[in-house]
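We did not get these values from a lab; they are worked out from the coordinates using the rules stated. Here the structure is a predicted model, which means the values were calculated and not measured. Please note: Cβ atoms are built from the backbone with ideal geometry, for glycine as well, and neighbour counts cover all protein chains shown.
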Amino acid sequence: MKRYNRIFILTGAGISAESGLATFRSANGLWNNHKVEDVASIEGFERNPALVHDFYNNLKAEVQNVSPNAAHLAITTLQEKYPAEINVITQNVDTLHEKAGNKNVYHIHGQINQAVCLNCAQVLETWGDVDTETVCPHCQVMGMMKPNIVFFGENLLCMDTVERLLRQCDLFVSIGTSGVVYPAAGFVQSAKYYGADTIEFTLEPTANNYLFDKHIYGKAGETFPQFVEELLAAL
Ligand code: APR
């Protein structure tokens, strides 16, 4: 097992599955029960903001009732015990990485406990419901709050940082993502181009699995803590 200095950890819905949160594309996934274009696009939000607010308010309530699992906690162990710069770039809008004590967490698809005012661009942190009646605490305008979730077609957040970290990392770890949604699904290609070792933790081969040097199939709550132990044992 090599020594690494800069580890880029990309996570997707699969890392939160064992905490009880639905993924998007599994049998009873979120996108099987809701139309992406209705709840995850700007057009859908403009067409029916109440439906979109309702979807994310429900998801927000769910997220508050679940806890991090062994995979999230193993990232904290790695960050505390392994002498390297370790960054967590997550597609997830839940806050389980933070709840587990992970540091350097970047939410490229936004966060469920945030809303952004389309009038003044102020971001509001709240675990309460946000809807078409919500008044922006900054500009006092009502009905212009949108969940701070990156909808399809919108730019990802934190991309300057992501691009720098992809250039610098020597180990790229992907945990629980199907590798079908770009630009995140292309991160492994950039990391590989810049010379990083690449490894994915998922249940089954993913759409971009040919880009990974190594694949560890199984539940991340079991496989990733095992990997962390191997990295620490090799110090
Ligand atoms: N352990 C490891 N991997 C798991 C587990 C688990 N316990 N459970 C599921 N997985 C894997 C699945 O095999 C799949 O590859 O997690 C992945 C989940 O894929 P998706 O449901 O597509 O979720 P994700 O890849 O995060 O979706 C990316 O799509 O809809 C958008 O914005 C949304 O951020 C999301 C993006």
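Here are the numbers:
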quantity: Value of [θ]222 nm, deg cm²/dmol, for the chain, DSSP H segments ≥ 4, -39500 (n - 2.57) each, nearest 500; calculated: -9500 deg cm²/dmol
quantity: Compactness index (Cα Rg / 2.2 N^0.38 Å), segment 182-233; calculated: 1.20
quantity: Within the chain, percent of DSSP bridges classed antiparallel, to nearest 5; calculated: 25 percent
quantity: Test item: Cα-centred dipole of segment 23-81, Lys/Arg +1 and Asp/Glu -1 on Cβ, debye; calculated: 220 debye
quantity: Dipole of the chain, positive end: most advanced residue of V39, L232, I86 [Cβ charges, Cα centre]; calculated: L232
quantity: 37 °C / 0.692 mPa s Stokes-Einstein diffusion coefficient of segment 46-95, Kirkwood radius on C-alpha pairs, µm²/s; calculated: 242 µm²/s
quantity: Viscosity 1.306 mPa s, temperature 10 °C, Stokes-Einstein D of the chain from Kirkwood C-alpha radius, µm²/s; calculated: 86 µm²/s
quantity: ³J(HN,Hα), Karplus 6.51/-1.76/1.60, whole Hz, each residue of segment 119-135, x for Gly, Pro; calculated: 8, 10, 6, 5, 9, 9, 8, 7, 9, x, 5, 10, 8, 6, 9, 5, 9
quantity: Highest-fluctuation residue, G110, G218, G128 considered, GNM on the chain with Cα pairs under 10 Å; calculated: G128
quantity: Peptides ranked, highest mean first, by Cβ atoms within 10 Å: ranges 147-156, 162-171; calculated: 162-171, 147-156
quantity: Highest-MSF residue in the chain out of Q111, Q189, Q91 [GNM, Cα springs under 10 Å]; calculated: Q189
quantity: For segment 95-206, with +1 on Lys and Arg beta carbons and -1 on Asp and Glu, the positive-most of Y106, S178, T126 along the dipole; calculated: Y106
quantity: For V63, V141, V228, V88, order by how many other beta-carbon atoms lie within 10 Å, fewest first; calculated: V141, V228, V63, V88
quantity: Span from the segment 164-235 Cα centroid across to the segment 1-79 one, whole angstrom; calculated: 18 Å
quantity: Antiparallel content of DSSP bridges confined to segment 111-235, in %, to 5; calculated: 45 percent
quantity: Cysteines, the chain, no other Cys beta-carbon under 4.7 Å; calculated: C158, C169
quantity: M144, M1 arranged by Cβ crowding within 10 Å, fewest neighbours leading; calculated: M1, M144
quantity: Selection from N57, A17, A27 lying farthest towards where the dipole of segment 5-61 points positive, charges on Cβ; calculated: A17
quantity: Footprinting exposure proxy for I216, I89 (fewest neighbouring C-beta atoms within 10 Å first); calculated: I216, I89
quantity: Three principal axis lengths of segment 1-118 [C-alpha, angstrom, descending]; calculated: 51, 32, 23
quantity: Estimated vicinal HN-Hα couplings, Hz - segment 166-181 in sequence order (Karplus 6.51, -1.76, 1.60; Gly, Pro = x); calculated: 5, 5, 9, 6, 10, 9, 10, 10, 10, 10, x, 9, 7, x, 10, 10
quantity: For segment 218-235, 3J(HN,Hα) per residue [Karplus equation, 6.51 cos²θ - 1.76 cosθ + 1.60, θ = phi - 60°, Hz, x = Gly/Pro]; calculated: x, 6, 4, x, 9, 6, 6, x, 5, 5, 4, 4, 5, 5, 5, 5, 8, 5
